[in-house]
Amino acid sequence: MRVTIIGTGYVGLVSGACIADFGHQVTCVDKDSTKISTLNAGEIPIFEPGLGDIVRSNLEQGRLAFTTALGESVRGADAVFIAVGTPSRRGDGHADLSHVYEVAREIATALEGFTIVITKSTVPVGTGDEVERIIGELRHDADFAVVSNPEFLREGAAIHDFKHPDRIIIGTEDEHAKKVAAEINRPLYLNQAPILYTNRRTAELIKYAANAFLATKITFINEIADLCETVGADVQEVARGIGLDNRIGPKFLHAGPGFGGSCFPKDVRAFIKTAQDHNVPMRILEAVETVNDTRKRAMARKVSSIFAGVLRGKTVAVLGLTFKPNTDDVRAAPSLALITALQDMGARVRAYDPVGMEQAKQVLADVTYCRDPYDCVEEADAVVIVTEWEQFRALDFERVRDLMACPVMVDLRNVYRPEDMKKYGFAYTSVGRLPTQQPVNLVGAPVPIGA
């Protein structure tokens, strides 16, 4: 089938590459000519494991192409995916749909024959209706159907998620559109991925509800972690204890510094705004958003508390800048709020991330970026684990301790075992577990217990 994908951001590029890998003829469209040239050369502008190989393979085999010519790509296509960004609208938090509607107008002028227009972007309920209205008003003669087909891709595991989905949601009541959408996804039948056909508005709501629920689960375990620290319980054991219940499940029960990235924060905010527009208050999600925003900056107090609340003049090493491993995405990452808070407290910040430093440099000032973890911790008064990269899971503790000015570690991802850190002489604190630390005086030396 001939498939056109408009937008070569994260969703568009991954979707286009994987659909081409299924054997379809795919053209990806973007207005950025420099980006298109880069992609046609087989160079990938984002970090996503395995994506580069799939793009280059399908370019070589002629199944994948990149262009700026939207009209030419839409004409004759069996399906046109809208995969442009829907960021939070400045000022009110609603999803900014201006790019979606602009693309709909451009699609309308180029349609030939029956075409399904598939919204892949994350959009509020009713967006498909508006896309349908825009195209219909501009082209009364057009033969088309608008379908909602939300994505459920995890950054860092997007190729696997696309090819081995938990489910495929197709939101349309048009029988012809169902057949075309099913044909595009036919290779996934081998993996026995269930296809759920719904009406368009239901499909749009499923996407927001899924992300909102996962964000709620993360926030819940983070608040349980705070209680664990107060009452002397271990949040990891609590999470395991409740996660073994099949009604709950173990995923997204990892306590930490809060959720970030390009999806959860903006989608929770947009979902709340959508509900408000329909006079349905979402009190739980309002609390989730507030708690998460507050939590990121509060993590700096975990560091300052070890130094009796005084960080002025201290050097803090931050390991991990991206919002999760295996991506270069720092959008709404906990590291951003944490580093800003540390700087506000007067600390000097050194940082290292395996792939996210170039992105971080665009939004963080007055940070010393380092070449590796050991360079980062040198002469630091404290080291903070913010992102659980594999590279940080097997650090040489003796080397780290000897390089630091003061052996203080704040582990915001519970990567290490407290008993191990105590053995190596660290003042160690984590999330939702009792600290194995000594108080540290203002000079930076551990104070003997009872002094």
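Once phi is turned into ³J(HN,Hα) by the Karplus curve 6.51 cos²θ - 1.76 cosθ + 1.60 with θ = phi - 60°, what whole-Hz value does each residue of the stretch 351-366 show in order, with x for glycine and proline?
Along the stretch 351-366, the couplings run 9, 9, 8, x, 9, x, 5, 5, 5, 5, 4, 6, 10, 10, 10, 6 Hz.
Among the lysines, select those whose C-alpha is under 21 Å from the C-alpha of LYS422, and discard any that sit fewer than 8 residues away in the same chain.
List returned: LYS302.
Can you pull the Kirkwood radius for the chain, inverse mean 1/r over Cα pairs, to one decimal in Å?
Working: mean 1/r = 0.0421 Å⁻¹.
In the chain this quantity evaluates to 23.7 Å.
What FRET efficiency do you get for GLN276 and GLU223 if R0 is 25 Å and r is their Cβ-Cβ distance, rounded to the nearest 0.05?
Values: r = 24 Å, r/R0 = 0.95.
According to the calculation, E is roughly 0.55.
Along the Cα-to-C-beta direction of PHE114, a point sits 7 Å from the Cα; which residues of the stretch 121-148 have their amide N less than 19 Å from that point?
Output list for this probe position: 132, 136, 140-148.
Can you give the calculated 222 nm mean residue ellipticity of the chain, where each DSSP H run of n ≥ 4 adds -39,500 (n - 2.57) and the sum is split over every residue, rounded to the nearest 500 deg cm²/dmol? Please list the in-between numbers first.
Values: 17 runs with 189 residues, N = 451.
For the chain, the value works out to -12500 deg cm²/dmol.
Give the cross-link partners of LYS324 among the aspartates and glutamates, using a straight C-alpha distance below 15 Å as the criterion and excluding same-chain residues fewer than 8 apart.
GLU48, GLU155, ASP353, GLU388, GLU390, ASP411
What are the semi-axes of the equivalent ellipsoid for the stretch 125-197, taken as the square roots of 5 times the Cα gyration tensor eigenvalues, largest first, in whole Å?
Listed largest to smallest, the semi-axes of the stretch 125-197 are 27, 15, 10 Å.
With all protein chains present, how much of the accessible area of the chain (probe radius 1.4 Å) comes from carbon and sulfur, to the nearest whole percent? Each step should come with its number before you reach the end.
Values: 10120 of 19950 Å².
Exposed carbon and sulfur together represent 51 percent of the surface.
Using Cα atoms only, what is the angle between the long axis of helix 334-344 and the major principal axis of the chain, expressed in degrees (0 to 90) to the nearest 10?
Once rounded, the angle reads 40 degrees.
Anything over 31 Å Cα to Cα? Flag those among LYS35/LYS273; LYS179/LYS266; LYS31/LYS266; LYS251/LYS314; LYS314/LYS361; LYS31/LYS217, in the order listed. Before the final figure, lay out the partial values.
Working: LYS35/LYS273 33 Å; LYS179/LYS266 33 Å; LYS31/LYS266 24 Å; LYS251/LYS314 36 Å; LYS314/LYS361 21 Å; LYS31/LYS217 38 Å.
In this structure, LYS35/LYS273; LYS179/LYS266; LYS251/LYS314; LYS31/LYS217 lie more than 31 Å apart at Cα.
If R₀ is 45 angstrom, what is the calculated FRET efficiency for the pair LYS163 and ASP344, using the beta carbon separation as r and rounding to 0.05?
Working: r = 44 Å, r/R0 = 0.98.
Here the calculated transfer efficiency is 0.55.
Kindly work out what percent of the DSSP beta bridges joining two residues of the chain are antiparallel, to the nearest 5.
Values: 4 of 48 bridges.
Percent antiparallel among DSSP bridges in the chain is about 10.
Using the heavy atoms of the protein chains alone and a 1.4 angstrom probe, what is the accessible area of the chain per residue in square angstrom? The partial results should precede the final answer.
On the way: 19950 Å² over 451 residues.
Value returned for the chain: 44 Å² of accessible area per residue.
Based on Cα coordinates alone, diagonalise the gyration tensor for the stretch 1-144, multiply each eigenvalue by 5, take square roots, and list the semi-axes in whole Å, largest first. Kindly include the intermediate steps, with their values, before the conclusion.
Working: eigenvalues 124, 74, 29 Å².
Its equivalent ellipsoid spans semi-axes of 25, 19, 12 Å.
Are there cysteines in the chain with no other Cys C-beta under 4.7 Å, and if so, which?
CYS18, CYS28, CYS228, CYS263, CYS406 - these cysteines have no disulfide-compatible partner (Cβ-Cβ under 4.7 Å) in the chain.
Any lysines with Cα under 26 Å of the LYS178 Cα? List them, leaving off those in the same chain fewer than 8 positions away.
Straight-distance partners of LYS178: LYS120, LYS163, LYS207.
Report the label-to-label distance for ARG154 and THR198 in nanometres (one decimal), using points 7 Å from each Cα along the Cα→Cβ vector.
2.1
Just want to confirm a number: the relative contact order over the chain, from Cα pairs under 8 angstrom separated by 6+ residues, in percent. Could the numbers behind the result be given before it?
Numbers: 893 pairs, mean separation 51.3, N = 451.
Reported relative contact order: 11 percent.
The values are calculated or read from the model by the stated rules, or taken from the named source; none is laboratory data. Because the structure is a prediction, the values reported are computed rather than measured. Every residue, glycine among them, receives a Cβ derived from its backbone with ideal geometry; neighbour counts consider all protein chains shown. All accessible areas refer to the heavy atoms of the entire protein, side chains included, with ligands and DNA or RNA removed. Shrake-Rupley method; radii C 1.70, N 1.55, O 1.52, S 1.80 Å.
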